[in-house]
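Asker: One structure, pasted below without further comment.
Only the coordinates and a few stated rules stand behind these numbers; no lab work does. These numbers were taken from a predicted model, which means no experiment stands behind them. Here the Cβ positions follow ideal geometry from the backbone for every residue, glycine too, while neighbour counts run over all protein chains shown.
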Amino acid sequence: MGAFASYHHSDVTAEIKRLGEFVHLTSKAADVRNRYTPAKLNEHTSFIEDNMQTLVGKVGEYDSMLSSKGLLRRGSSYSGTKILWPDEYDYMPILANFNTNTVDMEDVQSICSDFRYRNLREEGFGYIKVKPGALSMHNMEKYTRNNEKGKYLCSEKLEDELRKLIIQSLQHMDTLTYIGELDHELNTDAQYERGEISIHERMHGPSFWLRVGGPLCTTDIDLCFSIEGNPTKQLGPCLMVNGNISERKCKCGYSNSQHWMKSVINPPVNTKYILSESHKELFLTLKYICHLVSEMSLWTHPDILSSYTVNMVLLTHQQTCKAVNVGECFEDIVRRILNKTNNDIINLHIYNYSPNYTYDVFFPKRMLAPHKHHSRAAIAWFMLQVIHTEDDEWIHKLLRLTKEPHTPEWWDTQLSKNDSDSRQLRDLMKVIKMCDSWKEDSPFRLEWHRRDGSVKASLTIKYDK
C-alpha cells in the first residue's frame, strides 16, 4: 500500500465533518470504559488476571521446566481499545528456563517458507537451539527435536505438554470449575456461570483459548506461552511464539514446528508504532463496524478484518496523515482496504476477492491481507451512508440497539419495522447478506440520491470470476 500519498483536504466539507462526528460519537459509545464503572471493570479484570496468574503458577509446579517468570498483559483490554464488553483478554507467560543462558536464537534459512510462500526469514522467524549442557537433558525430548546441529525447541511438543498441564491445573483450582475441552467456535454465544472454565480443543493461532464465566460476562482468554528472544535495535525486547504453521517439513529440512515467530512486546512510543488519539477513535469505530458484521452475518465466521490488521492499516495511514479531521482519515482507510489509488470514493465496488495487501509496521516484510469482503463492504457502506445522509437519527438508533449482543434473526426482526431509521439500517443488512451468499452474474447495487433523484453515490457488490 505504499502507493498511497498523504491525504489532506484544504477545506473540511460538511460531509467530512459528519464523518468525523460519526467517529467521535461511535467510538465513545463503543468504548468499554464508558459502559461500565471503573470499579466493575477492575473487579472483572482482577478476577481474570488472578486466575491466570494462579494457572500459570500451577503449570510450573507440575513441571518446573515450564515455569514462567512473568505474565505479560496484552491486547485491547489493556491498551484502551476494547469495545462493548470486557469479554476478551490476552496474556503472554514467559517461560523462565529458556533464556539467553540456555538457548540460542538463530535466523531461519533463506529457503524457509509456509503454505502461502511467505519468506519466513524476511518475516522475522527463527529457530531456538538448546545450548549443549545448559539444561538438564532429562526429559528434554518432550520439548525438542534433534537436528544435525543439535536439539531445537519444537512448538508442537511444547504445546502438547502445556495443554496437559493446563488441564491438570484447571482441574485442581479452587476458584474455577473446569468443564472440559470444547469447541468454542461452535458455540460463540455460550454463557458460563461465574468460575466455569473450558479450553478450546485446538490451538487458537499461537495461543491456548480459554473461556471463563467472569463477574460481568463470559470471557475469552488467549494464553500465549512465549520464549525470550534477542532484542532488536529498532523495536527493543521481543518474544518468540509458535509460528502457527503446519507440522510438515520445511525445505530447510526442519519441521515447521521448529520455526518460531518474533513478537514485539514494548514498541517505541512514537507515531510509527502507536496510534494517535484521533486514530484510536477511528480504530474503535472500525472494530465496532466489524463487530456488527459478526452479529448480522449468517456465517459462523464471517470474513472480517482482525483487529491487528486494522491497527496496521491505521498505523500505515498515520505515517503520511496530514488530515485536520478524522473523517478524512476514514475516507483514506476505505481507499486502502479497497485498494483505490485515486480520489474516486463516490462509486465503490466490492468484489469477493481483491489481491491487495498491507504490511506489518513492526516487521515490514510480513504481509497482511485486508481483503475481507464482509468488513470491506460494511465499512464502505458506513462511510457512504454517513457522508450522503444528513439525518443522523439512524446512528443513535443503532448505538442504542447494540447495548446487548444479538443474533442475525434478532436483527432481521428489529429492522423489519417500517420507520425511517430501520429502513436505512436494512440496507446494511442487505450488504452483509449479499456478502454471505455471493451470486454469479447478480450484482447488488445500492444508491444514494440527490433531491432531484439523480445518483450521487453508489456501492456495488459483485462476484468476480
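Asker: If all Cα-Cα distances of the range 382-465 are sorted into 5 Å bins from 0 onward, what percent lands in each bin, rounded to whole numbers?
Answerer: Percent of Cα pairs in each bin: 3, 12, 21, 22, 20, 14, 7, 2.
Asker: Kindly state, to the nearest 0.05, the FRET efficiency for Ser306 paired with Asn187, given R0 = 35 Å and r defined as their beta-carbon distance.
Answerer: With a Förster radius of 35 Å, E is 0.95.
Asker: Based on the alpha-carbon gyration tensor of the range 96-189 and its eigenvalue square roots a ≥ b ≥ c, which shape applies: rounded if a/c is under 1.5, prolate if not and a/b is larger than b/c, or oblate?
Answerer: oblate
Asker: So if R0 is 30 Å, what FRET efficiency would Glu156 and Trp299 give, r being the distance between their Cβ atoms, rounded to the nearest 0.05?
Answerer: 0.50
Asker: Below 24 Å, Cα to Cα, which lysines can Lys403 reach? Residues fewer than 8 away in the same chain don't count.
Answerer: The qualifying lysines are Lys28, Lys40, Lys82, Lys280, Lys287, Lys417, Lys430, Lys433.
Asker: Hey, what number do you get for the chain at 222 nm if only DSSP H runs of n ≥ 4 count, each worth -39500 (n - 2.57), divided across all residues, to the nearest 500?
Answerer: -11000 deg cm²/dmol
Asker: Follow-up question, since we're still on this one. With unit charges on the beta carbons (Lys and Arg positive, Asp and Glu negative) and the dipole taken about the Cα centre of the range 1-132, which residue among Gly20, Asn99, Thr54 sits farthest to the positive side?
Answerer: Comparing the listed Cα positions along the dipole, Gly20 ranks first.
Asker: Ok, one more. Using only the alpha-carbon atoms, how far is helix 38-62 inclined from the longest principal axis of the chain? Give it as 0 to 90 degrees, nearest 10.
Answerer: So the inclination is approximately 30 degrees.
Asker: Treat each spin label as a single point 7 Å out from the Cα along the C-beta direction, and report the Arg400 to Ala14 distance in nm.
Answerer: With each label point 7 Å from Cα toward Cβ, the separation is 2.6 nm.
Asker: Another one. For the range 265-275, in order, what is each residue's ³J(HN,Hα) by Karplus, 6.51 cos²θ - 1.76 cosθ + 1.60 with θ = phi - 60°, in whole Hz (x at glycine and Pro)?
Answerer: So the J values, rounded to whole Hz, are 10, 9, x, x, 7, 8, 6, 6, 10, 10, 5.
Asker: Where in the range 295-391 are there GluC sites (Glu not before Pro) that are in a DSSP coil and have at most 15 other Cβ atoms within 10 angstrom of their Cβ?
Answerer: Those satisfying the criteria are Glu390.
Asker: Using the alpha-carbon atoms, what tilt in degrees (0 to 90, nearest 10) does helix 420-436 show relative to the longest principal axis of the chain?
Answerer: The helix 420-436 is inclined about 50 degrees to the chain.
Asker: If I fit a long axis through the Cα atoms of helix 14-30 and take the longest principal axis of the Cα atoms of the chain, what angle between them do I get, 0 to 90°, rounded to 10?
Answerer: The answer is roughly 40 degrees.
Asker: With labels modelled as points extended 7 Å from the Cα through the Cβ direction, what inter-label distance (nm, one decimal) is found for Asn101 paired with Arg248?
Answerer: Here the modelled spin labels are 4.1 nm apart.
Asker: Sticking with this structure for a sec: Which chymotrypsin sites (Phe, Trp or Tyr not before Pro) in the range 359-465 pass both tests, a DSSP loop state and at most 14 other beta-carbon atoms within 10 Å?
Answerer: none
Asker: Please list the non-local residues whose amide H lies under 5 Å from the amide H of Leu72, H modeled 1.01 Å from N, same-chain partners needing a gap of 5 or more.
Answerer: The answer is Met92, Ile94.
Asker: On to the next question. Report the calculated FRET efficiency for Glu61 and Ser110 (r = Cβ-Cβ distance, R0 = 45 Å), to the nearest 0.05.
Answerer: FRET efficiency, Glu61 to Ser110: 0.60.
Asker: Still on this model: Please work out the Kirkwood hydrodynamic radius for the range 37-266, using every pair of different C-alpha atoms, and report it in angstroms with one decimal place.
Answerer: 18.6 Å
Asker: Taking a ≥ b ≥ c as the square roots of the Cα gyration tensor eigenvalues, with a/c under 1.5 meaning rounded and otherwise prolate when a/b beats b/c, else oblate, which class fits the range 1-113?
Answerer: oblate
Asker: Now a separate question. Placing unit charges on C-beta atoms (Lys and Arg positive, Asp and Glu negative, everything else neutral), compute the dipole magnitude of the chain about its Cα centre in debye, rounded to 20.
Answerer: For the chain, the charge dipole is close to 1180 debye.
Asker: How long is the gain from Glu447 to His24 if the chain were fully straight, where each residue apart is worth 0.36 nm and the alpha carbon distance is subtracted?
Answerer: Stretched fully, the Glu447-His24 segment lengthens by 149.7 nm.
Asker: Take the Cα of Thr54, step 7 Å along the line toward its Cβ, and report every residue of the range 187-211 whose backbone nitrogen sits under 17 Å from that point.
Answerer: What the label zone holds, given the 17 Å backbone N cut-off, is 193-199, 210-211.
Asker: Thinking of the range 313-408 as a set of Cα atoms, what percent of all their pairs are more than 23 Å apart?
Answerer: Looking at the range 313-408, the distances longer than 23 Å represent 36 percent of pairs.
Asker: So for the range 249-371, taking the charge dipole from beta-carbon charges (+1 Lys/Arg, -1 Asp/Glu), which of Cys321, Tyr359, Ser306 sits furthest toward the positive end?
Answerer: The listed residue farthest towards the positive side: Tyr359.
Asker: Which stretch or stretches of the range 197-228 have amide N atoms under 14 Å from the point lying 7 Å from Tyr36's Cα along the Cα→Cβ direction?
Answerer: The answer is 212-221.
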